[in-house]
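Contents: one structure, followed by commentary.
The values are calculated or read from the model by the stated rules, or taken from the named source; none is laboratory data. Remember, it's a predicted structure, so these values are computed and weren't measured experimentally. Here the Cβ positions follow ideal geometry from the backbone for every residue, glycine too, while neighbour counts run over all protein chains shown. Protein only, heavy atoms only, side chains kept; ligands, DNA and RNA dropped before computing areas. Shrake-Rupley method; radii C 1.70, N 1.55, O 1.52, S 1.80 Å.
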Amino acid sequence: MGFFDGLLGGKAAEFDSGSAASNSIELTRRHQQVSLTKQGAATGNLRINLAWRMRTSDFDGEQRTSLFRHPFRALKPPEVMGHGQSMVNVDLDLGALYELADGTKGVVQPLGGLLGDVNAPPYVKLSGDDRFGSASGETMYVNLDHRDDIKRLLVFVYIYDQTPAFDRTHAIVTLYPSNGPRIEIGLDERHPQARSCAVVMIENVKGELVVRREVKFVYGFQGELDRLYGWGLQWGRGYKTKAEK
């Protein structure tokens with residue numbers, strides 16, 4: 001059984017305008033951020049979805065050239081895909097570190113059943129824990145009607161299983177605002193030994209709600225992400241219970 005941390009206690013001006021064909025914005029190294037406020041999308045519930053599927057040698061072999069030219073094609077697989085024995089060993093989890101305007105800090109994650117609340121602090125709620133990367137994936141909701149109460153929110157993904165295997169998955173985190181195009185962040189960099197990845201920061205900057213791509217892989221768990229971003233929480237080792245698996 002794998003173990004990881006459990007809670008005890010770019011260029012600012014660059015952003016994509018979106019694609020009319022796909023109604024989406026892809027945050028990349030070159031285009032790292034977008035303003036929800038400027039797009040009129042800083043209200044209502046922001047839905048954040050993590051979806052993934054396993055890489056296979058057949059898939060990589062047949063589409064190596066096309067994926068090089070169109071890397072996001074790999075992140076939009078057909079819905080029907082079987083899970084063989086070798087494909088159930090990677091369990092990606094979605095979580096978020098939050099800091100509220102009043103200084104309250106914490107985490108929302110499957111571990112420990114810290115699922116949050118969308119109508120009360122921290123105004124962030126995780127809907128569940130998907131072990132196998134199904135079509136629906138894992139989903140988190142952020143109540144942007146309370147955006148003035150939220151200082152910053154770091155969305156992250158980590159691997160529960162004991163085997164680091166980000167390089168074996170095609171994973172994408174998608175933000176669905178109440179208005180305007182969806183925002184996509186692909187975890188398409190190869191870091192085979194990484195166990196966690198800071199994906200995106202949602203930050204209230206002088207009243208403007210900004211979404212910024214991070215995609216920073218680390219070799220530890222939530223505690224290492226905490227240190228990287230200066231959250232200052234206290235962490236200890238934790239396990240999933242049978243119910244949380």
Residues of the range 1-45 being of a type in the set (Asp, Glu) and either open to solvent by 40 Å² or more (accessible area, probe 1.4 Å) or modelled with pLDDT of 95 or more (or both), in sequence order, are Glu14, Glu26
Give, as residue ranges, the strands (runs of 3 or more DSSP E) completely inside the range 153-245 that count at least 1 residues that are more than 16 Å from Gln32 (Cβ to Cβ), open to solvent by less than 40 Å² (accessible area, probe 1.4 Å) and at pLDDT 90 or above. 169-176, 196-205, 208-218
The residue that is least open to solvent (accessible area, probe 1.4 Å), considering only those in the range 98-140 that are under 17 Å from Leu225 (Cβ atoms) and modelled with pLDDT under 85, is Leu111
